[in-house]
Amino acid sequence: MKKVALMCMMVLATGWLFAQEEKKEQQSDQVLMTIEGEPISVDEFLMIYNKNNASNVIDRKSMDEYLTLFVNFKLKVKEAEELQMDTAQKFINELAGYRRQLAQPYLIDRQMNDQLLQEAYDRMQQDVAAYHILVKVEENASPKDTLKALNTLKGIAKRIKNERDMIDEMTKIRTGDNKELIAEDLGYFTAFSMVYPFETAAYETEVGQLSKPVRTRFGYHVIYVKDKRPARGEIKTSHIMVAHEQTGEKDPNVDRAKEKIEEIYERLKNGEDFATLAEEYSDDKGSARNGGKLPWFGTGRMVPEFEDAAFELMHNGDVSLPVRTNYGWHLIQRDDYRGIGSFDELEASIKKRIERDARGQKGKISLLKKLKEMYSLSFNYKQRDAVNKLVTDDYLEGKWKPEDQEGMNGVLLTISEDKYADQKMSFTQADYMDYLKRFQKRFGADRKLSNVLAEQWDAFVDANLITFEDELLDDKYPEFKALMQEYHDGILLFDLMDDKVWSKAVKDTAGLEAFYQAHKEDFMWDKRVDASVYLCENADVAKQTEKMAKKRVKKGYTDNDILDEVNEDNPLQLSIRSGLYAKGDDTNVDAVAWEEGIHSVEGNNGKIILVQIYDVLEPQPKSLAEARGLVTSAYQTHLEEEWVSSLREKYDFEVDFKVFQSIEKE
């Protein structure tokens, strides 16, 4: 919730603040306003206005509105600075967290990233079906264990000449007791479904062929590619699910579920509405509330039985035969279909997936190579070796406890950049020791300490190169600097607004009550009825239901009492909805006279709908409990208006309207 509120406020108040390369110098230098003597330029105002002005046409009315918002925004920023909120540790930590996220796209090789984007998009055009055999070995296993796993896999691979051989080997593994071997039929998958090295091997292996051994963090794999097909794209469906326990075929729960799904299917064939039946009978309550609708999905996102049945539907509105999965029985309706989409449409989402995926490391590795060519690095290996001599074999087991770092001030790495004045970073022996301590783990006692330390030194240099590049981002990329300023102001304003408006409105119960009493006529209920709606399968069911409904008030019958009685032989004969209804809440309630008693409405396919009205409630103010959300929101608006008014009195500010009017002419 905090992030949502923060981003909404920043879009409204600060925009993205990206550099406007084509700004006219004379306009950028003009002062639009001052606050306590501090100048604020036309350029800063236009950055906000242009971000939120999609038409790119300067409109006087919207300009006036944005000027008011801009003044209020700058006054709030001024107040936050006066309160020194930007020095709070909580603020510093939060801004640092956002900076780490925003810096990520700048800390990879963009050219390499573009290649990865295109590669991923190209792979998304095709689905791959494969088997694989895995010999498990830890990612940081010793060379001896790694070689043993590789040789085991090679021995298996030699026996595989075709699909039949692959299946035979998989059967041996599945029936054997070697827990280090895994064999699976993966079905169809697409890009980003598997870890990147596995995905690459699968896509680069021809149909009917066995891949070379491929290393992943899980161990060594061989992959037999049994098919490739054009990508299925994505499909949007609705479903009705009747759940059952995941037990044997002869379990009576399975039989009852199958009987119920078949009865629902017959009703669909007779013309009843899919969404209505889903709302009434589906056991997937999350989708049932929305007529059974599910999100878009593609290859590998659903269990195979469901996915295959869905993609076999050829036209929107088609409904499958009952389909069984581990979750129960389903009826699936195709609502819409779309292909993979163009590169431009998918670029942003692919980019995010690459950042979270192992392939994103390729961009970082490529960047490091370029940085080593771009920046000056100097090493003092004597100082480094002095640290290495202090590292014992305990390091290989993750148990090394370094000595006191006092006196370890020797510089062993310096990184500098001639283009930017005073941009130089030096790293000491203490920094290196701290790195070794933080990143030690169990490397395995059979690893050579000298080899491990060589790897750690390279990693230390790489990490500090990235740190150095990170420090230069503000200087190298104006848009990054502007974006960080936006987050800086946005977080400040969130905390200030929370203190002055949002939390205050929630905590100030007396103020909220007083505001409600003064404005309760603004929070009215429309005319409503207290009613029950009975959806009856036929006239006989309606007759039985009406008989019980007439007695329910006197007898104290609940909805469940009536359902148990009427649905004794068939769980689909009657459903009931009860509650308070205003106009527009329920079409059946709207269709009858709002008078106490039982009213009949003719439904589709011979159904009878009974509406029982118990009471008619005239328009009246909602209680504070009933309207708390709306009242709180209105009270927050009231508090903000008062607060902004006080800021306008507190700070001396002046807008140069002559300059403001000239903006339109530039």
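No value in this document is a laboratory result; all are computed from the given coordinates. Remember, predicted model here, so these are calculated numbers, not experimental data. All Cβ positions, glycine included, derive from the backbone under ideal geometry; neighbour counts span all protein chains shown.
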Taking amide hydrogens as modeled 1.01 Å from N in the peptide plane, which residues meet the under 5 Å criterion relative to S575, leaving out close sequence neighbours? L535
Taking R0 as 25 Å, what's the FRET efficiency between T558 and L630 from their Cβ-Cβ distance, rounded to 0.05? 0.20
Cut-off is 10 Å between beta-carbons; in what order do Y435, Y487 appear when sorted fewest neighbours first? Y435, Y487
Expected unfolding gain across K441-Q101 under the 0.36 nm per residue rule, minus the alpha-carbon gap, is 119.8 nm
Value at 222 nm in deg cm²/dmol, rounded to 500, when DSSP H runs of n ≥ 4 in the chain each add -39,500 (n - 2.57): -15500 deg cm²/dmol
In nm, spacing of pseudo-spin labels at F218 and R301 (7 Å Cα→C-beta vector): 2.2
Protection proxy (average C-beta count within 10 Å per residue), highest first, orders 497-504, 644-651, 174-181 as 497-504, 644-651, 174-181
In terms of Cα to Cα distance under 25 Å, which lysines are near enough to K76, apart from those fewer than 8 places away along the same chain? K2, K3, K51, K61, K90, K481, K500, K504, K507, K650, K658
Which GluC sites (Glu not before Pro) does segment 334-425 hold that lie in a coil by DSSP with at most 13 other beta carbons within 10 Å? E403, E406
Could you check the spin-label model distance between E38 and S646? Points 7 Å from the Cα along Cα→Cβ, value in nm. 2.0
Gain upon complete extension [A582, E312; 0.36 nm per residue less C-alpha separation]: 92.9 nm
Rounded to whole Å, give me the distance from the Cα center of segment 300-343 to that of segment 485-504. 46
Phi to ³J(HN,Hα) by Karplus 6.51 cos²θ - 1.76 cosθ + 1.60 over segment 162-177, Hz, x for Gly, Pro: 7, 5, 4, 4, 4, 5, 4, 5, 5, 5, 4, 5, 5, 8, x, 10
As straight-line cross-link partners of K551, the qualifying lysines (C-alpha separation under 29 Å, not fewer than 8 residues apart within one chain) are K527, K543, K583, K607
Length gained, H638-D615, 0.36 nm per residue minus C-alpha separation, equals 4.6 nm
Excluding residues fewer than 8 places away in the same chain, name every one of the lysines whose C-alpha is closer than 23 Å to that of K389. K399, K401, K437, K441, K448
Run a plain Debye calculation on segment 544-666 (Cα atoms as equal point scatterers, no solvent) and give log10 I(q)/I(0) at q = 0.12, 0.22 Å⁻¹, rounded to two decimals, same order as the q list. -0.68, -1.30
Please list 3J(HN,Hα) in residue order for segment 224-237, calculated via the Karplus relation 6.51 cos²θ - 1.76 cosθ + 1.60 where θ = phi - 60°; whole Hz, with x for glycine and proline. 9, 8, 9, 6, 9, 9, x, 4, 6, x, 10, 10, 10, 10
Heads up, segment 126-230 by the C-alpha gyration tensor (a ≥ b ≥ c square roots of eigenvalues; a/c under 1.5 rounded, else a/b over b/c prolate, else oblate) looks oblate
Quickly work out the R174-to-Q118 label distance, labels modelled 7 Å from Cα along the C-beta direction, and quote it in nm with one decimal. 4.1
Taking the Cα centre of each part, how many Å lie between segment 592-614 and segment 114-180? 64
